1. For segment 1-54, enumerate the residues that are in a helix (DSSP H, G or I), charged (D, E, K, R) and exposed (fewer than 15 other Cβ atoms within 10 Å of the Cβ).
2. Quick check on Arg60: is it closer than 24 Å to Lys132 by Cβ, basic (Lys, Arg), under 15 Å from the mean Cα position of the chain (by Cα) and assigned to a loop (DSSP other than H, G, I, E, B)?
3. In this structure, does Gly82 turn out to be modelled with pLDDT under 90 and surrounded by fewer than 19 Cβ atoms within 10 Å (Cβ to Cβ)?
4. Is it the case that Tyr111 is aromatic (Phe, Trp, Tyr), out of contact with any Pro (no Cβ under 8 Å at 6 or more places or on another chain) and at pLDDT 75 or above?
5. What number of residues within segment 110-156 are of a type in the set (Val, Ile, Thr) and surrounded by 12 or more Cβ atoms within 10 Å (Cβ to Cβ)?
Amino acid sequence: MDQDFARLGEQLKAARELKRPRISQSYVAAELGVGRSTIYKMESGDGAKVTPTTLLAYARLLGWTDDSVDRVLAGGDPVMAGEGADQRAVPGVELPPAVEYELRTGKVLDYQVLNLGPDEGDGNLIVFLQGKKDATPEEVERIVARYRPVRRRLRSITAESDEVAES
């Protein structure tokens, strides 16, 4: 069976670039204890020249299961650690891949559903406030405090939408 290191490199790079906050190749290299050129090799498709231990460590850093490297090399998709049978962030709901990734990799701190009109079928705006999975209570409070004025503005926008619909 051919091992598709170019595909693995693309998947590693895409997952790294989707991380929030975004992480650099230099950050990954420092975390793994390797040079940035090693990360570049992996992401450029030269993963065969990198030790399996380093590939596994990179996958784990991204939140992938231990078998995800082999899955991708065989043509499959990586699996996020801790996922069940339905690997979507919201089971039964198709979301854009970037949204799926964000919902899986962060910790939802708050959410709100805002109606866009006076009637139920006028649409909704769904907002998630998210932080790192390992955020400290102090970090969570700081994030929530920064979100409060944004939440008030969102509510005022939907109130304005109600006024427009009524006129």
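1. We begin by selecting, within segment 1-54, every residue in a helix (DSSP H, G or I); these are 5-18, 25-32, 36-43, 47-49, 52-54.
Next cut, charged (D, E, K, R) only: 7, 10, 13, 16-17, 31, 36, 41, 43, 49.
Answer for segment 1-54, where residues must be in a helix (DSSP H, G or I), charged (D, E, K, R) and exposed (fewer than 15 other Cβ atoms within 10 Å of the Cβ): Glu17, Glu31, Arg36, Lys49.
2. no
3. yes
4. Judged against the criteria, Tyr111 is a match.
5. 4
The values are calculated or read from the model by the stated rules, or taken from the named source; none is laboratory data. Predicted model, so just to flag it, every value in this text is computed and none were measured. Heads up, the Cβs are rebuilt from the backbone with ideal geometry, glycines too, and the neighbour counts pull from every protein chain shown.
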